[in-house]
Amino acid sequence: MSETLEQQAVEAGIDLGYHDINGTYHATKPEVLESIVAVLDKSKADSDGLYLNTMVAHENGEESLQMPSEFHGAEAVVLIDEADECQSLTLYPGDNDTLWIKLPRLACGYYTLSAETGGKCRLIRLIVAPESVYQPKLLANGGRMNGLTMHLYSLRSERNWGIGDFTDLLNLMKYAAEKKLDFVGINPLHALFTSKPAFASPYSPSSREWLNPIYLDIEKVGAFTYNEQLKNWLAQPKIRQRIAALRVTETVTYTAVWTCKRDALQMAFNAFEQDTCEAAANERAAFEAFVLEKGKALQGFGLFEALDQYYSRSGQVGWQSWPSEFHQPDGEAVEKFARSHEREIRFYMWLQWLCAEQLQEVNQAAVEYGVKLGIYGDLAVGVARGSADTWLHRQDYCMDVSVGAPPDPLGPTGQNWNLPPLNPSMLKHTGYEKFAHLLRENMRLYGVLRIDHVMALCRLWWVLNNKTADFGAYVHYDAEVTFAILALESQRNRCVIIGEDLGTVPDQARYLLNRYQVFSYKVRCRKTLRCLHHRLRKISLQDLKRRIAVQTAVRLHSVIEINKAAQLLSPVFRTVKQLFLMPHLHQGADNPFRLTVGLRTGNPGKLLTNPVLITGYTESMVGRAFIFRTVVGVNALNQVWAGI
């Protein structure tokens, strides 16, 4: 490997190698370095953004910042806040021909540093960070909070259409309040691909800024309350039978569920557009306000969705399978399509308004019921290669590589997630606005937000396209900036942050997680299965009757016979593959266990004898907890063991 290539890689933020979990050093392959250097060089050429750089200061810090060489010759630097109020700062020289400014005491927020040199206006984005991410008073004072987690798509109720929906989540919030829980955790709700409903992974979304309409409660859509024709359609026996059939399947039949929901939604949209009653008029006014608020971003997403219905190919996902004339959002063919399909585009925009309205009802219910933190949401680490986000914002992504994980003992060739990474150069020169907007759009929805693979704020394992993950290297982002924005947006949105930090965590990421007091997401082996089983065997059946709450997902609040549940416990312990104990805020407590068993179908015996994987949860939970998940799919057993 040449010294020139190594120097180029280091300057570009590419690691020359890494240490695995055993401490063994692995040098990055020269062909990998060469390829990623080329990708980053290309991205620099494409990222002629607004700002020379993005920098960080701290609230009331009165810090000194070194200015870039482009500020030489400027008479002063103007500091501009978010209200466009300005103040002049004096440039002063430092060692080795450097230039510096002294910042006044600043409130946290977004600022711009501006200087006139050589007839040009030079700009720097300045992030003034708070001391920490948002901390509720109870947690900040050493308290602990307790909650439950589940996959929304796996919930079954007597009224849903074969998949958990926003009303099920609302009802679960009421249940959480009755059990004095502080949050309800769910899977990512990111928008997927409505043209390919079977492509159902919430961690390979089409957009991390919009929501998945498959979770809509159709019967709560306004048109079904004010339009008699729709009411009659829904009451037809054949329609009720079609819906009931979706609820009895062993797994979620995504294509059938979405086809049924889409048919109903299209009829509801017609009524929404055409009905002359006051309720419909009020809805149209509310929707227009939503469209005005979301602007071009919503229009662009609706356009993507409409195009994808027409041009998505079998076996492929997203815009890369479309005819080439539709690959550029501002192309002539796309503009012509948009003009001739305005109503279809509006339909997909309307779906996003419905999602926002129904999810807001869940949040309002959490407040009314007293669930302190409300929804515990999940932010995926990236988007699919053919996603709406990459189509609309191509320049923000490096499309020639994927992110993943390096080889380790569990995966000798590593992991390639086939998700294109954000472009670090574009982030730098656009003030990390894409990243800030992404956090903002998610934090406004949730009381708690889990950041999947939080190490991505520091570095990501980039893999060459069409290669296995061992053809990869770590590429760094400006972690000082990303964590500062995380803390700022967390405080502004009053959103608790949990960083999923499983795996190899670089020292810089660990330091910043601690510095900004981000809650950790830990899995730690602390007890053997025999120890746990021995403890439970000492509990009498009478005690089990008192302490075990058995809940079916067929009827969210029904209870099956306790004796039968107790008899079914032993197969669980015989079939468990792994056992982990979650660490908690106050270590060392040796409290008795309370057991909650959640059963998802009407055949608990079958479910309980399936192989079970026990995974950990988060340190913000009360005491100790286990999350049990079977490895057999969505109609699986969920069990939460929580320390009192």
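The values are calculated or read from the model by the stated rules, or taken from the named source; none is laboratory data. Everything numeric in this text was worked out from a predicted model, so none of it was measured. When we count neighbours, we look across all protein chains shown, and the Cβ atoms used for this are built from the backbone with ideal geometry, even at glycine. Surface accessibility is based on the protein's heavy atoms, side chains included, excluding ligands, DNA and RNA. Shrake-Rupley method; radii C 1.70, N 1.55, O 1.52, S 1.80 Å.
Structure summary
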item	result
Centroid-to-centroid separation of the stretch 117-134 and the stretch 6-57 [C-alpha atoms, Å]	23 Å
Surface share of carbon and sulfur [accessible, 1.4 angstrom probe, percent] for the stretch 233-278	53 percent
Residue 284 versus residue 138: modelled label distance in nm, points set 7 Å from Cα along the beta carbon direction	4.5 nm
Accessible solvent surface per residue of the stretch 130-277, calculated while the other protein chains remain in place, 1.4 angstrom probe, Å²	38 Å²
Extreme residue, positive dipole direction of the stretch 308-461, given options 393, 413, 322 (C-beta unit charges)	413
For the stretch 139-165 versus the stretch 237-274, the gap between their alpha-carbon centres in whole angstrom	23 Å
Filtered trypsin sites (Lys or Arg not before Pro), the stretch 82-179: DSSP coil and at most 11 other beta carbons within 10 Å	105
Radius 12 Å from Cβ of residue 447, net charge of other residues (Lys, Arg +1; Asp, Glu -1)	+3
Accessible carbon and sulfur surface of the stretch 53-191 relative to its total accessible area, %, 1.4 Å	44 percent
The stretch 55-190 - charge dipole about Cα centre, Lys and Arg +1 at Cβ, Asp and Glu -1, debye rounded to 20	840 debye
Spatial separation of Cα centroids for the stretch 452-477 and the stretch 363-427, in angstrom	12 Å
Ranked by how many other beta carbons lie within 10 Å on average, peptides 371-381, 331-341, 194-204 from highest	371-381, 194-204, 331-341
Of all accessible heavy-atom area on the stretch 325-444, the percent that carbon and sulfur account for (1.4 Å)	51 percent
Which listed pairs, of 179/372; 372/522; 42/434; 137/180; 29/434; 220/372, have C-alpha distances above 21 Å, in listed order	372/522; 29/434; 220/372
